[in-house]
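Below is one structure, written out as structure tokens; the observations come after it.
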Amino acid sequence: MKLNINKEDLLEPLQKVFGVIERRQTLPILSNVYLSINNGTIKFTGTDLEVQVSAKSILIGEDSFNITIPARKLLDICRSLPDHCELNLSFNDGVLIIKSGKSRFTLRTLPSDEYPLFDESSYLNQISINQEVLLKAFSKTIFCMAQQDVRYYLNGLMMEIVDGELQTVASDGHRLALSKNKIDNENQSINQVIIPRKAAQELLRLMDKFEGAVEIKIAKNSIKFSLGDVELNAKLIDGRFPDFNNVVPEQSKHSFNINKLSFKSALSRVSILSNEKYKGIRLDLSNQLMTINANNPEQDEAEEEVVVDYNGDEMSMGFNSSYLMDALNVIESDNVLVSFTDTNSSCLLENPEDKSSQFIIMPMRI
């Protein structure tokens, strides 16, 4: 087997699939990338058994073959070579030789028939969603996913389409993010599915560099996203996401508007002296003023006052400052509406002019 290819034509699809490939694996072949040449197309595939990403580009007049190559080594070699250079690849007896200019690299490969490619299941549902809508839905919620929680259904992103509205929800048990977005085709629907954490993160990364419609196919236990020349397959989390509608308050007794930049800046400064593990801060509310306080076991203290649009009773509440910052970072407005019922209730953060995304944070004892 021989292949001549421009560096960029090899590197671009390789970079798209590399994110799912783990460097240290119990199965050595999972550290490899699957390379397939067929009908004038070069296709890379990477997997960790739970998520699989494939990306392809066009070739001219090449033979058909399949091999698996150490992914990190191939990526580092390609990145180190000069831009727009020509690469010559030759394969024989389990050895891949890469030549470019005066450089020569020899890599040991593993048999392609041992690579655990996903089975293309019989799909039960197929829909199409504009990239902008799906990107917004994921970016507004993905940061709230749990990580290695025993409640396995929290280790992912819940997605469903009901009455022409795409809903995405994520929660780690301490906070929850909900986003609702209208889609073009109101006749499309998806029953609740939970997309694993890594798959959701990889899809968000891939969508950021893609424009157009994302094709989604759903099987009983898996889901497939097609973004042009890139495909992402993932095993769905087998479980039922908790009823999030009971968490989002319909009405709150108290609320205030605050400048987002002022809030973020004050939180950033005060949290420097908060407990390093729990990141707890206290919000003291009075007439037109909010005081943010923090302290730590070393008895250091920080305090800052911020002007707010509040005229209610004096209140004092504790929250994790990192959770507040994460929500503020994805709210796209100059001001933020903060709502709550009492000092022991959760707080709701949202854009006062666009309430399609909502962020709920549970209180802390300070």
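Which of the three applies to the stretch 2-71, rounded, prolate or oblate, going by the alpha-carbon gyration tensor with a ≥ b ≥ c and a/c under 1.5 meaning rounded?
Note, shape of the stretch 2-71 comes out prolate.
Taking θ = phi - 60°, what integer Hz values does the Karplus form 6.51 cos²θ - 1.76 cosθ + 1.60 yield along the stretch 16-27, in sequence order, with x for Gly and Pro?
5, 9, 5, x, 8, 8, 7, 6, 10, 10, 5, 9
What does the charge dipole of the stretch 125-246 about its Cα centre add up to, to the nearest 20 debye, if the Cβ of each Lys and Arg holds +1 and the Cβ of each Asp and Glu holds -1?
400
Might you report the magnitude of the Cβ-based charge dipole of the chain about its Cα centre, with Lys and Arg at +1 and Asp and Glu at -1, to the nearest 20 debye?
In debye, rounded to 20, the chain gives about 1340.
Helix-only estimate, please: 222 nm mean residue ellipticity of the chain, summing -39500 (n - 2.57) across DSSP H runs of length 4 or more and dividing by its residues, to the nearest 500.
It comes out at -5000 deg cm²/dmol, rounded to the nearest 500.
What does the highest-first list of 66-77, 140-151 look like by mean Cβ count within 10 Å?
66-77, 140-151
Taking the 0 to 90 degree range and rounding to the nearest ten, how far is the long axis of helix 197-207 tilted relative to the main principal axis of the chain, both from C-alpha atoms?
80
May I ask you to list the residues of the stretch 131-150 whose amide nitrogen lies under 14 Å from a point 7 Å from Cα along the Cα→beta-carbon direction of N187?
Zone members listed by number: none at all.
Computed over the Cα atoms of the stretch 219-317, what is the ratio Rg over Rh, Rh following Kirkwood?
Reported Rg/Rh, Kirkwood definition of Rh: 1.21.
So, counting K/R as plus one and D/E as minus one, what does the shell of residues with Cβ under 14 Å around K99 add up to?
Around K99, the charge tally is +3.
At 0.36 nm per residue, and after removing the present C-alpha to C-alpha distance, how many nm does the segment from S64 to T341 gain when stretched out fully?
Full extension of this stretch gives 93.2 nm more.
Excluding L328 itself, calculate the net charge of residues whose Cβ lies under 12 Å from the Cβ of L328, where each Lys or Arg counts +1 and each Asp or Glu counts -1.
The answer is -2.
Return the distance in nm (one decimal) between the two label points of a simple spin-label model at E160 and M325, each offset 7 Å from Cα along Cα→Cβ.
3.4
Within the P(r) computed for the stretch 125-246, what percentage of the Cα pairs occupies the region above 17 Å?
52
Which value, in debye to the nearest 20, describes the size of the charge dipole of the stretch 254-361 about its Cα centre when Lys and Arg Cβ atoms bear +1, Asp and Glu Cβ atoms bear -1, and nothing else is charged?
Charge dipole, the stretch 254-361, about its Cα centre: 280 debye, nearest 20.
List the lysines whose Cα lies under 26 Å from the Cα of K73, skipping any in the same chain that are fewer than 8 positions away.
The reachable lysines, counting only those whose Cα sits under 26 Å from K73, are K2, K7, K16, K43, K56, K99, K102, K198, K209.
Which lysines have a Cα less than 30 Å from the Cα of K253, not counting those fewer than 8 places away in the same chain?
K253 reaches K136, K140, K180, K182, K264, K279, K355.
Values quoted throughout were computed directly from the atomic coordinates according to the rules given, and no laboratory measurement underlies them. Predicted model, so just to flag it, every value in this text is computed and none were measured. Ideal geometry is used to build each Cβ from the backbone, glycine not excepted, and the neighbour counts take in all protein chains shown.
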